[in-house]
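Structure first, commentary second.
The values are calculated or read from the model by the stated rules, or taken from the named source; none is laboratory data. On a predicted model such as this, the values are computed, not experimentally measured, just so you know. Glycine also receives a Cβ, built like all others from the backbone with ideal geometry; neighbour counts cover every protein chain displayed. For the accessible areas, the whole protein counts, side chains as well, though only heavy atoms, and no ligand, DNA or RNA atoms are used. Shrake-Rupley method; radii C 1.70, N 1.55, O 1.52, S 1.80 Å.
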Amino acid sequence: MYKAYSNLTPATNSHAVSTTAWQTAHSPAPAMASATPMISITGAQQNELLRALSRSDLERLFCQLELVALPAGKHLFDFGAKIDYTYFPTNAIVSLLYVMEDGATTEIAVVGREGVAGVALYEAERATCTAVVQTAGYGYRLKTAFLREVFNEGGALAKLLMRYTSAMFAQMAQNVVGGRHCSIEQKLCRWLLDRLDRSLSNELKVTQDTMANMLGVRRESITVTARKLQDEGLIQYRRGTVEVLDREGLEAAAGNCYKAARAGFEQFRSDINSHN
C-alpha cells in the first residue's frame, strides 16, 4: 500500500524567443507593486505548449492565466487532493512523485517548459501523485475549472493536451521499464538528461541525496556512479552542482533508457509544430 507524495531540448520552432527576452518577460516586479504581474504573449510563449497555441487561443486564456514563482520544494498538489490549478512551467522543473508509506520516493515523470502539470478534466478528479518543484523558477497557472471549460470547447488547447498526455504516458512507461531493467548508470544518465532537456544551461543544481531519492537507490551507489561518469569526462560534479560536459556521451551511456521517452516528446513537438 502506498501514498503518493509530493526539459526537453531547447525550443526550435519559429515562435522561440531568446533567453534575454525570457528574462525581460519574467523580471521581478518592483517591490512597491502589489498588482498581479502582467501577462504577455512573449512571457507565456516560454512554455512550449502555450507557444503552440495561436495568438487568439492564447489570449483567450489571459483572463485566468497567472505568472507565479515556483520555489524549489513547493508542492503544487498532493496525492488525493483536489487539483485547484494547472501549471505551465517556463524555467522551473517539476517532479511527479509517489512516496511509499515508509517515506521511500519514486519519480514517475518530470515536467518542464515542454508541458503541463495538474490537468484535471472532471470536477471530482483527485490527484494520483504529488507534484513538487525540483528546480526553482517560474511558470503560469490556470484554475482547473477554467481549463475544463476551455477543454470542453474542443479547440486547439484540448488537442494539445491530448497529444501531451500521450507523450507523458511514454515517459512514464519508460520509467517503469527502466526502473526494472536498466543499470544504475543508465538510470542516472537518463535522469540527468531529462533535466538537461528542460534546463536553460548545462548546469544542474542537485545533490546526490536528491538523485538517490528520485531514483530509489542508495546514496553510495550514486556517489560511485557519478564518479565514474566524471572520470569518463561526461560530467563534472561539484557539491550541489552537476555540469554536463559531453551530452552525446551521456546519451550513449543512457542507451534506450532515455531514447524511448525522448522519442515520444519529439513526436509531440513534431505534431504541434506541424499545426502552427
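Side notes on the structure shown:
- Within the range 189-200, the presence of at least one residue that is farther than 18 Å from Asn175 by Cα and either crowded, with 16+ Cβ neighbours inside 10 Å or not basic (Lys, Arg) (or both) is confirmed.
- Scanning the range 120-138 turns up one or more residues that are of a type in the set (A, V, I, L, M, F, W, C), modelled with pLDDT under 95 and in contact with a helix residue (DSSP H, G or I) (Cβ under 7 Å, 6 or more places away or on another chain).
- Flag for Gly179 being touching a strand residue (DSSP E or B) at 6+ places or on another chain (Cβ under 8 Å), open to solvent by 40 Å² or more (accessible area, probe 1.4 Å) and either farther than 20 Å from Leu49 by Cα or not in a strand (DSSP E or B) (or both): yes
- Residues of the range 91-115 satisfying the condition of being outside any strand (DSSP E or B), open to solvent by less than 10 Å² (accessible area, probe 1.4 Å) and under 21 Å from Leu157 (Cα atoms): Gly112, Glu114, Gly115
- The set of residues in the range 120-140 being in a loop (DSSP other than H, G, I, E, B), surrounded by fewer than 19 Cβ atoms within 10 Å (Cβ to Cβ) and of a type outside the set (Ser, Thr, Tyr) consists of Leu121, Glu123, Ala124, Glu125, Ala136.
- Test: residue in the range 237-245 that is closer than 22 Å to Thr106 by Cβ, open to solvent by 20 Å² or more (accessible area, probe 1.4 Å), hydrophobic (A, V, I, L, M, F, W, C) and at pLDDT 90 or above: no
- Pairs with Cβ under 6 Å, 6+ apart, first in the range 250-265 and hydroxyl-bearing (Ser, Thr, Tyr), second part of a helix (DSSP H, G or I): Tyr258/Arg190; Tyr258/Leu193
- Cβ-Cβ distances below 8 Å connect the following pairs, each with a first residue in the range 151-174 that is among the aromatic types (Phe, Trp, Tyr), a second residue that is open to solvent by 50 Å² or more (accessible area, probe 1.4 Å), and a separation of six or more residues or different chains: Phe151/Leu121.
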